[in-house]
Amino acid sequence: MQNMQQMNDLRRIDLNLLVILDALLSEQHVTRAAERLHLSQPAVSHALGRLRDLLGDPLLVRAGATLVTTPRALELIAPLAEALAQVQSLLAPNTFDPATAKRTFRLAMSDYGAAIVLPGLIRTLRREAPGIDLQISHASREGMLDGVLNGDIDVAAGVFPELPNELRSTPLFDEHYACLVDRHSLPADGTLDLPTYLARPHVLLEMRGSGTPEIERALTALRERRRVAISLPHWSVAPEFIAGTDLILTVASRGLRDVDEKTLIVVAPPFHIPSFTFVLAWHKRRGGDQALNWLNGRIGQGINPVS
């Protein structure tokens with residue numbers, strides 16, 4: 001009797017409705033969901049009405065000029081994404097051929113991560129998988145992990161000391177911090193001592209308030225603080241601020257390999273900052289995605305070793 005009831009329930013569900021529901025919960029906007037699915041707005045509105053009847057919940061309610069998800073809808077986001085991924089995996093071919101594959105992957109990383117990861121990866125894709133496209137986004141650590149959790153991002157590359165239980169990761173490389181300063185602002189021996197480090201102004205890289213907590217925690221352990229004169233979200237432009245100034249930039253060392261050594265010098269921090277591991281993170285529900293597994297492997301292979 002229970003199996004018969006389950007079959008009757010399944011007959012009521014159109015898989016297309018679940019795809020539309022996923023788009024609606026992601027966009028929280030009927031017109032944008034319709035554009036994303038290449039459907040008409042009335043068709044999506046009609047589907048929303050059917051979903052509301054089927055699930056016994058309004059799902060999206062109006063708050064002023066916008067639509068917001070109900071608590072029930074929020075509960076559906078993760079299991080719905082997992083269910084659709086499993087269906088896609090079930091219907092996908094058993095083997096992945098990179099030479100003929102047509103696929104778009106959504107990657108999230110900082111501009112530091114992009115500088116380290118993308119050059120080798122893109123050369124590999126153009127050589128081995130020319131039909132694979134990439135969409136790269138930039139967000140804070142929390143934003144990247146949220147994107148992987150809700151299905152907006154396929155894989156995130158970054159530093160994630162703590163991962164939610166739903167995510168899996170693989171290490172790419174170990175990294176340490178270094179300081180970039182104007183060459184002529186240091187003693188002849190090129191050393192940077194702690195009093196000088198603390199007395200000088202600093203450039204801080206941060207995205208939406210995330211900052212670089214490892215550096216601040218190390219200073220807090222010494223009961224010291226630094227003065228941040230410039231705070232910005234873009235790593236690539238930061239070295240240009242250092243030449244001819246007393247500013248100090250403390251960042252991951254791989255980002256300083258190509259600086260102008262005539263005017264700038266890379267030195268060790270005058271206090272201990274723990275090293276860290278740069279990883280790839282993806283949702284465990286994607287474990288059977290052969291294409292994503294292939295991509296993750298190629299990302300690791302394409303990173304140049306430290307010279």
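Where a number appears in this text, it was derived from the coordinates with a stated rule and is not lab data. Bear in mind the structure is a predicted one, so any value in this text is a computation, not a measurement. Heads up, the Cβs are rebuilt from the backbone with ideal geometry, glycines too, and the neighbour counts pull from every protein chain shown.
Just a few scattered comments:
- D by Stokes-Einstein for the chain, Kirkwood Rh over Cα pairs, 20 °C, 1.002 mPa s: 95 µm²/s.
- Charge dipole (the chain, unit charges on Cβ, about Cα centre) - positive-most of Thr66, Leu264, Pro274: Thr66
- Most fluctuating residue given options His38, His272, His283, as computed from a GNM of the chain linking Cα atoms under 10 Å: His38
- The stretch between Ser40 and Ala199 holds 51.1 nm of extra length on full extension. This uses 0.36 nm per residue minus the Cα-Cα distance.
- For the stretch 177-274, the fraction of alpha-carbon pairs lying more than 20 Å apart is 30 percent, rounded to a whole number.
- Cα-centred dipole magnitude for the chain, charges only on beta-carbon of K, R (+1) and D, E (-1), debye, nearest 20: 460 debye
- Nearest-0.05 FRET efficiency for Ala115 and His176, computed from C-beta distance (R0 22 Å): 0.85
- Between His272 and Asp146, residue separation times 0.36 nm minus the direct Cα-Cα distance comes to 42.3 nm.
- Among beta bridges identified by DSSP and lying wholly in the chain, the antiparallel ones come to about 60 percent.
- In order through the stretch 136-141: 3J(HN,Hα) via Karplus (6.51 cos²θ - 1.76 cosθ + 1.60), integer Hz, x for Gly, Pro: 9, 10, 10, 7, 5, 4
- Per-residue extension of 0.36 nm, minus the Cα-Cα distance of Ile122 and Glu240, leaves a gain of 39.9 nm for this segment.
- Beta bridges per DSSP with both ends in the stretch 177-274, % antiparallel, nearest 5: 55 percent
- For Glu166 and Asp53, a Förster radius of 30 Å and the Cβ-Cβ distance give a FRET efficiency of 0.50, rounded to the nearest 0.05.
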